[in-house]
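Okay, structure first, notes after.
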Amino acid sequence: AQSVTQPDIHITVSEGASLELRCNYSYGATPYLFWYVQSPGQGLQLLLKYFSGDTLVQGIKGFEAEFKRSQSSFNLRKPSVHWSDAAEYFCAVGNNAGNMLTFGGGTRLMVKP
Amino acid sequence: GAVVSQHPSWVICKSGTSVKIECRSLDFQATTMFWYRQFPKQSLMLMATSNEGSKATYEQGVEKDKFLINHASLTLSTLTVTSAHPEDSSFYICSARDPLSSGSSNEQFFGPGTRLTVL
């Protein structure tokens, strides 16, 4: 069975500081990995995805993530956080059949001015 | 492209009534749609997978007679919460796969969600 763990429930960073959100997954084959962002009361917006190729993936809004197979991780990073980045972030893993998108518990990011 | 809409965005109903939520793919045909449930401050839990023209596949623990899913066309899936009770209050989110654009990347496009409150 596939699973995703986001160890940090809440993270607070100062505006302009760097950010790293952790994601660890468990999957028996090559995973399809995603990061989504959710603003309060809204649906999910895809930030970036990985399924093959370069292990460093660039996404929207200045985010990037690095797939590390040896560590079963897919951490999300941003060099300089903006106040508008405050939201809930979800890491997800999917299988190659197009179904079974499993989400982590989410990390709530707060940004201090 | 790849826009998914949901209607209504929020609904309040009395206990015992049924509520229908629509999920539409606006600019693509979605052979597969998914329904998720999200409790406050929690993650999304997959409820069921809906394939056009066939019966939905429900996840373990989800009552198929309570959460009726219909995927009668390539652009519309509906979730009906029958005989709703306060414990059914939640945020319901649908997603859809576009087999032409997602290819092997397995990407799902998400709707904005529907907040259901059962009094």
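The values are calculated or read from the model by the stated rules, or taken from the named source; none is laboratory data. Given the structure is predicted, the values throughout are model-derived calculations rather than measurements. Here the Cβ is made from the backbone with ideal geometry for all residues, glycine too, and neighbour counts use every protein chain on show.
Are any residues in region A:12-51 hydrophobic (A, V, I, L, M, F, W, C) and under 15 Å from A:Leu109 (Cβ atoms), and if so, which ones? Write out each step before concluding.
At the first step, the residues of region A:12-51 found to be hydrophobic (A, V, I, L, M, F, W, C) are A:13, A:17, A:19, A:21, A:23, A:29, A:33-35, A:37, A:44, A:46-48, A:51.
Scanning region A:12-51 gives A:Val13, A:Ala17, A:Leu19, A:Leu21, A:Cys23, A:Trp35, A:Val37, A:Leu44, A:Leu47.
Evaluate the following for B:Ile93: is it within 14 Å of chain A (Cβ to nearest Cβ), closer than 18 Å to B:Pro8 by Cβ and surrounded by 15 or more Cβ atoms within 10 Å (Cβ to Cβ)? First the steps, then the outcome.
Values: within 14 Å of chain A (Cβ to nearest Cβ): yes; closer than 18 Å to B:Pro8 by Cβ: yes; surrounded by 15 or more Cβ atoms within 10 Å (Cβ to Cβ): yes.
Judged against the criteria, B:Ile93 is a match.
If you go through region B:60-76, how many residues are among the polar types (S, T, N, Q) and not in a strand (DSSP E or B)? Lay out the reasoning, then the answer.
Applying the first criterion (among the polar types (S, T, N, Q)) to region B:60-76 yields B:60, B:70, B:73, B:75.
From what is left, the residues that are not in a strand (DSSP E or B) are B:60, B:75.
Total satisfying the criteria: 2.
Can you pull out the residues in region A:1-22 that are closer than 23 Å to A:Ala87 by Cα and within 12 Å of another protein chain (Cβ to nearest Cβ)?
Here is the first cut: in region A:1-22, the ones closer than 23 Å to A:Ala87 by Cα are A:3-22.
Answer for region A:1-22, where residues must be closer than 23 Å to A:Ala87 by Cα and within 12 Å of another protein chain (Cβ to nearest Cβ): A:Ser3, A:Val4, A:Thr5, A:Gln6, A:Ile9, A:His10.
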Practice task
Pick out, from region A:1-44, the strands (runs of 3 or more DSSP E) lying fully within it that include 2 or more residues that are among the hydrophobic types (A, V, I, L, M, F, W, C).
Solution key: A:10-14, A:19-21, A:32-38
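Among B:Val11, B:Val3, which is the only one that is more than 11 Å from the chain's Cα centre (by Cα), of a type in the set (Val, Ile, Thr) and modelled with pLDDT of 90 or more?
On the way: B:Val3 fails: modelled with pLDDT of 90 or more.
Answer to the check: B:Val11.
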Fill in the blank from the handout: Taking region B:99-113 and keeping residues among the polar types (S, T, N, Q) and either modelled with pLDDT of 95 or more or part of a helix (DSSP H, G or I) (or both) leaves B:Ser104, B:Ser105
Problem - Matching residues, region A:55-66, being in a loop (DSSP other than H, G, I, E, B) and either within 14 Å of another protein chain (Cβ to nearest Cβ) or within 10 Å of the chain's Cα centre (by Cα) (or both) - result: A:Gly59, A:Phe63
Exercise for the section: Please go through region B:41-59 and pick out each residue that is without any contact (Cβ under 8 Å) to a residue 12 or more places away in the chain, in a loop (DSSP other than H, G, I, E, B) and either small (Gly, Ala, Ser) or within 11 Å of chain A (Cβ to nearest Cβ) (or both). Expected result: B:Lys41, B:Gln42, B:Ser43
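Listed here are the residues, each with its yes/no results for (1) loosely packed, with under 15 Cβ neighbours inside 10 Å; (2) free of Cβ contacts under 8 Å to residues at least 60 places away in the same chain.
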site	(1), (2)
A:Ile9	yes, no
A:Gly41	yes, yes
A:Tyr50	no, yes
A:Leu56	yes, yes
A:Gly59	no, yes
A:Val81	no, no
A:Ala86	no, yes
Practice task
Test B:Ser83 against the stated conditions and say whether it is more than 14 Å from the chain's Cα centre (by Cα) and either in a loop (DSSP other than H, G, I, E, B) or more than 22 Å from A:Pro31 (Cβ to Cβ) (or both).
Solution key: yes
